[in-house]
Amino acid sequence: MKVAAIGDNCIDLYEKLNKYYATGNAVDFAVNMKKLGIDTAVISVTGDDEYGKLMIQELEKQQIDLSHFRVEKGKTAVSYMDLDGLERIYLDYVEGVMENVKFTQEDIDFAASCDLVHSAFWGNAHMHLKEIHDKGARICFDFATEYQDPMVEEIAAYVDYPFFSFEHRTAETDAFLKEMVAKGASVAVGTFGEEGSVAYDGKQFYEYGIVKADVVNTIGAGDSYMAGFMNGILKGWDIPRCQRQGAEVAAGVVGVFGPWVD
């Protein structure tokens with residue numbers, strides 16, 4: 001099997017702590033998927049600065065396919081971060097070369113040749129999902145908390161596994177997940193932080209809690225959950241087992257400072 005993650009990569013920089021690491025939704029998903037045994041590529045662009053070199057070194061270390069990962073003149077995207085206790089705080093995001101990223105037809109064709117393609121709300125790749133989906137690849141997409149954004153309606157028909165983050169499960173969130181399946185999703189997933197997750201497959205809702213962990217940093221919890229869940233889907237597991245693996249991977253990630261467990 002082959003998976004492609006198309007979208008963002010960046011450096012999370014904690015200036016007060018003098019710490020930083022390579023990350024980004026596509027990167028985190030890819031690395032966690034690879035750690036679970038499925039070859040994964042990242043389709044993205046990084047800068048030709050020191051942060052870009054760090055990004056490539058880290059992805060090579062994690063044995064990620066970089067055949068469609070390009071270096072362009074300019075700065076690597078940086079997300080400025082802080083911590084409030086154990087909770088991450090996003091301060092500012094400087095897109096760098098990601099601001100004007102253009103994915104080539106070769107990138108799109110490569111993605112479409114994979115068994116699964118992952119992207120996210122801030123990945124600047126949503127306009128290509130119809131073509132990728134029409135060519136036969138399954139697509140999972142992280143909408144995060146942006147369930148009211150027009151992009152949801154724009155690409156819903158091309159996303160087989162949409163993921164959304166909510167504060168709490170309500171009758172409204174259940175109805176929303178049902179609506180996503182009605183628009184074309186195979187399984188729609190809502191995550192609720194410490195309340196766990198809910199998945200709807202058109203027939204029933206599946207609930208799963210969390211795996212307890214000693215939290216160091218909540219960064220990467222959602223990305224790692226998606227990787228664990230989708231890894232199970234690719235292996236043909238039932239939904240509760242996919243949810244369990246997602247929760248297990250996320251529990252490992254929140255127990256370290258970075259976005260994945262080395």
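The values are calculated or read from the model by the stated rules, or taken from the named source; none is laboratory data. The model shown is predicted, which means the values in this text are computed figures rather than measured ones. Heads up, the Cβs are rebuilt from the backbone with ideal geometry, glycines too, and the neighbour counts pull from every protein chain shown. Accessible surface areas use protein heavy atoms only, side chains included; no ligands, DNA or RNA. Shrake-Rupley method; radii C 1.70, N 1.55, O 1.52, S 1.80 Å.
The set of residues in region 216-249 that are more than 18 Å from Gln62 (Cβ to Cβ), at pLDDT 95 or above, part of a helix (DSSP H, G or I) and among the hydrophobic types (A, V, I, L, M, F, W, C) comprises Phe229, Ile233, Leu234, Ile239, Cys242, Ala247. Give Lys16, Lys73, Lys53, Lys35 a once-over and let me know the one that is farther than 18 Å from Val254 by Cα and either surrounded by 20 or more Cβ atoms within 10 Å (Cβ to Cβ) or without any contact (Cβ under 8 Å) to a residue 12 or more places away in the chain (or both). Answer to the selection: Lys53. Can you tell which of Ser67, Ser113 is out of contact with any strand residue (DSSP E or B) (no Cβ under 7 Å at 6 or more places or on another chain) and open to solvent by 70 Å² or more (accessible area, probe 1.4 Å)? None of the others qualify; the one that does is Ser113. Condition test on Val187, is it hydrophobic (A, V, I, L, M, F, W, C), farther than 17 Å from Ala250 by Cβ, in contact with a Gly (Cβ under 6 Å, 6 or more places away or on another chain) and crowded, with 16+ Cβ neighbours inside 10 Å? Against the criterion (hydrophobic (A, V, I, L, M, F, W, C), farther than 17 Å from Ala250 by Cβ, in contact with a Gly (Cβ under 6 Å, 6 or more places away or on another chain) and crowded, with 16+ Cβ neighbours inside 10 Å), Val187 does not qualify. Selection of region 88-106 for residues being in contact with a strand residue (DSSP E or B) (Cβ under 9 Å, 6 or more places away or on another chain), more than 21 Å from Thr23 (Cβ to Cβ) and either assigned to a strand (DSSP E or B) or touching a residue at least 12 places away in the same chain (Cβ under 8 Å) (or both) yields an empty set. Phe229 meets the conditions (1) touching a Lys or Arg at 6+ places or on another chain (Cβ under 8 Å); (2) of a type outside the set (A, V, I, L, M); (3) farther than 20 Å from Ile89 by Cβ; (4) surrounded by 21 or more Cβ atoms within 10 Å (Cβ to Cβ) in every case but one. The failed one is (1).
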